[in-house]
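Data first, discussion second: the structure below is written as structure tokens.
The values are calculated or read from the model by the stated rules, or taken from the named source; none is laboratory data. Here the structure is a predicted model, which is why all the values come from computation and not from measurement. For neighbour counting, all protein chains shown are included, and Cβ atoms are generated from backbone atoms with ideal geometry for every residue, glycine included.
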Amino acid sequence: MDIPVLHRLALNESPFPPLPSVREAMRAAVAEAHRYPQFHPDDLTERIAAWCRVPPARVAVGSGSVGVALQLLHAVVERGDSMVYAWRTFDAYPLLASMVGARSITVPLSPDGRQDLPALLAALDHRTRVVVLCNPHNPTGSLITADDLVDFLRRVPPHVTVLLDEAYVEFARDTRLPDALALLDAHPGLLVLRTFSKAYGLAALRVGYGIGSPDLVARVRRQQLPFGVNSVASAAVEASLRAGDELERRVESVTAERERLRRQLVTLGWRIRPSHTNSLWLAAPDPVEDGAAALAAAGVQARHYPGEGIRLTVGSREANDAVRTALAAVGRDRMSGGDAVSVARSGGVVRA
Ligand SMILES: Cc1ncc(COP(=O)(O)O)c(C=O)c1O
């Protein structure tokens, strides 16, 4: 019997629907849906640039941050070049590499779930065009500190573009978090990638942006699809920027829930490292297969990487409580040294 999905915690989405003011802006934009959006999203670019306190020439807006990443690859990669990144990471990177005919060179994560910066540097050669860093990291939630990032950037050869994916940066509270925008002047080959999909809760609307040197940004913009950012999405982003304080409070509540859930699961015996994203990473050798089955049986859709781990998005309090209840039996069982609980193995855990 299929178990209905009660809690969607597989895609690192926000648990909050759009704010009333954002919905209202979208409704107004829908009324004008017979009109094209701007050919290129110049107004939105200016708004985002002002909000980030950088000149507009440093900002490229696209169809989600994944769209901006593809624009960058189109701009700098030639067929047969290579792209280096840690694995695991965000699933789109291998797909984007193959879309532009790049060879993917992957470097395993260190055992504690961090991107192995020395090994990534060692993997760069004369055919490498792009190295991707994800900070904080998906799926493990680990952080590259400011010191480590500065050291890494210093060592990257000038023919390699660094794509610094900061999709989750708003959830990071650690004082060692790099101020990536402050590094742009010294590193013209750096593109910082951000999104409105995660902290700002607009995943369906597909707006992301890259910030970099004016030269690199100009190349990225040349790959922009005309009319590629729709008016409803632009209106929602502009309204979100006006509601910064309310959205910041939502982010605070997600990070508070993240810490609460982590403490609870650690108490149950799960060894979960601190996370700097809106998700927690349950890793083998903790009993992740049993955990995945228990979550599925409870109607919790999490992201399961068989044999590796579970990425669990921090959801509403109710969803997080359902997670705790589902994993309690598995954790208790493991701590007492017994066999893992027997639970239904069908249901909502997302695989692949
Ligand atoms: C690390 C990372 N980068 C980018 C994205 C995609 O974001 P967007 O919705 O802006 O394309 C995700 C989505 O899960 C992600 O985890």
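Only one of the numbered conditions (1) crowded, with 23+ Cβ neighbours inside 10 Å; (2) touching a Gly at 6+ places or on another chain (Cβ under 8 Å); (3) part of a helix (DSSP H, G or I) is not met by T277, and that is (3). Of all residues in the range 3-26, count the ones that are acidic (D, E) and within 22 Å of Y305 (Cβ to Cβ). Of the residues in that region, 1 qualify. The residues on offer are R176, R127, R154, and the sole one that is surrounded by fewer than 18 Cβ atoms within 10 Å (Cβ to Cβ) and without any contact (Cβ under 8 Å) to a residue 12 or more places away in the chain is R154.
Checked against (1) within 16 Å of V66 (Cα to Cα); (2) away from the ligand (no atom under 13 Å from the Cβ), A233 passes all but condition (2). Each residue in the range 64-113 was checked for being surrounded by fewer than 17 Cβ atoms within 10 Å (Cβ to Cβ) and either more than 12 Å from the ligand (Cβ to nearest atom) or at pLDDT below 95 (or both), and 15 of them qualify.
Pairs linking a residue in the range 9-34 that is within 27 Å of Y168 (Cβ to Cβ) to a residue that is at pLDDT below 95 and part of a loop (DSSP other than H, G, I, E, B), with Cβ atoms under 9 Å and 6 or more positions apart or on different chains, are A10/G348; A10/V349.
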